[in-house]
1. Give the number of residues within the range 64-108 that are among the polar types (S, T, N, Q) and outside any loop (DSSP other than H, G, I, E, B).
2. Any residue in the range 170-188 that is within 19 Å of the chain's Cα centre (by Cα) and without any contact (Cβ under 8 Å) to a residue 12 or more places away in the chain?
3. Name, by its number, the condition in (1) assigned to a loop (DSSP other than H, G, I, E, B); (2) out of contact with any helix residue (DSSP H, G or I) (no Cβ under 7 Å at 6 or more places or on another chain); (3) closer than 21 Å to Val52 by Cβ that does not hold for Glu221.
4. Tell me which residues, restricted to the range 16-37, are open to solvent by less than 90 Å² (accessible area, probe 1.4 Å), more than 21 Å from Glu112 (Cα to Cα) and without any contact (Cβ under 8 Å) to a residue 40 or more places away in the chain.
5. Kindly list the number of the only condition in (1) within 15 Å of Ala220 (Cα to Cα); (2) surrounded by fewer than 20 Cβ atoms within 10 Å (Cβ to Cβ); (3) in contact with a Pro (Cβ under 9 Å, 6 or more places away or on another chain) that fails for Lys156.
6. So Lys209 fits all but one of (1) at pLDDT below 95; (2) among the basic types (Lys, Arg); (3) part of a loop (DSSP other than H, G, I, E, B); what number is the exception?
7. Could you check Leu40 against (1) in a helix (DSSP H, G or I); (2) open to solvent by less than 50 Å² (accessible area, probe 1.4 Å) and say which number it fails?
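The values are calculated or read from the model by the stated rules, or taken from the named source; none is laboratory data. In this text the structure is predicted, and so the values were computed from the model without any measurement. Neighbour counts are summed over all protein chains in view; Cβ atoms, including those assigned to glycine, are modelled from backbone coordinates with ideal geometry. With ligands, DNA and RNA removed, areas are computed over all heavy atoms of the protein, side chains included. Shrake-Rupley method; radii C 1.70, N 1.55, O 1.52, S 1.80 Å.
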Amino acid sequence: MRMHKKSRLEERLEACGDIVTTANLSDKNMKRASADKEYLPLETIFGNDNPVRLEVGCGKGKFVCETAKLNPRTNFIACEKISNVLIEALERAKEEKIRNVYFLNCAAEVLEKYFKEGSVELIYLNFSNPLPKEGYKKQRLTHPRFLEIYKKILKKGGCIIQKTDDKAFYEFSRQSFEEAGFKIAEVCEDLAANPVAGDVETEHEKRFKEAGKKIYRIRAEVK
């Protein structure tokens with residue numbers, strides 16, 4: 001189903017311009033676009049040199065906003081490519097005056113454009129689209145081509161935490177992590193039965209749990 005454009009979207013995005021960087025990807029070649037660096041000035045954005053965590057695909061922002069409030073000495077960048085969705089996360093962060101969250105309106109393919117090597121301590125992948133058809137495999141956010149990007153921007157010893165309700169996607173991801181040289185540090189195949197302290201529930205996760213679906217969680221570390 002096609003998403004209807006939010007009312008006054010451009011005006012609302014402009015009003016949140018101080019907490020978001022929007023990619024200007026006139027060059028549709030992602031490799032070339034990534035090579036033209038525009039590193040985020042993290043210390044200027046946040047006014048400190050606290051550790052940085054990244055959520056790829058933040059949706060409406062529930063997870064990143066609540067996690068940021070629980071971790072005031074950590075800085076969070078939330079990436080979402082669909083501005084029609086991102087606007088809700090931006091307005092929530094502004095309304096709740098959350099100072100340790102900043103947003104990126106871009107695709108995951110160009111993350112290297114904005115982050116220096118080894119500048120991120122943790123990446124969250126929460127309920128990414130599993131894209132089950134074989135022809136879309138390269139678009140999955142745990143496909144090796146994305147894992148190589150994450151490895152470059154993560155610190156040594158940094159990690160990725162993935163959550164999904166899709167068992168096939170979980171199995172694909174676990175294999176991809178291992179083949180890309182990540183260490184599988186933790187695995188949970190039923191998060192509701194084995195909750196993790198400090199792990200914030202996303203909008204999708206709440207609905208999936210209420211429907212009785214299992215939630216799979218992987219913590220993969222850069223060796």
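1. Count: 5.
2. No: the range 170-188 contains no residue that is within 19 Å of the chain's Cα centre (by Cα) and without any contact (Cβ under 8 Å) to a residue 12 or more places away in the chain.
3. Evaluating Glu221 over (1) assigned to a loop (DSSP other than H, G, I, E, B); (2) out of contact with any helix residue (DSSP H, G or I) (no Cβ under 7 Å at 6 or more places or on another chain); (3) closer than 21 Å to Val52 by Cβ leaves (1) as the failure.
4. Passing the criteria: only Gly17.
5. (3)
6. Result: Lys209 fails condition (3) only.
7. Leu40 satisfies all of (1) in a helix (DSSP H, G or I); (2) open to solvent by less than 50 Å² (accessible area, probe 1.4 Å) except (1).
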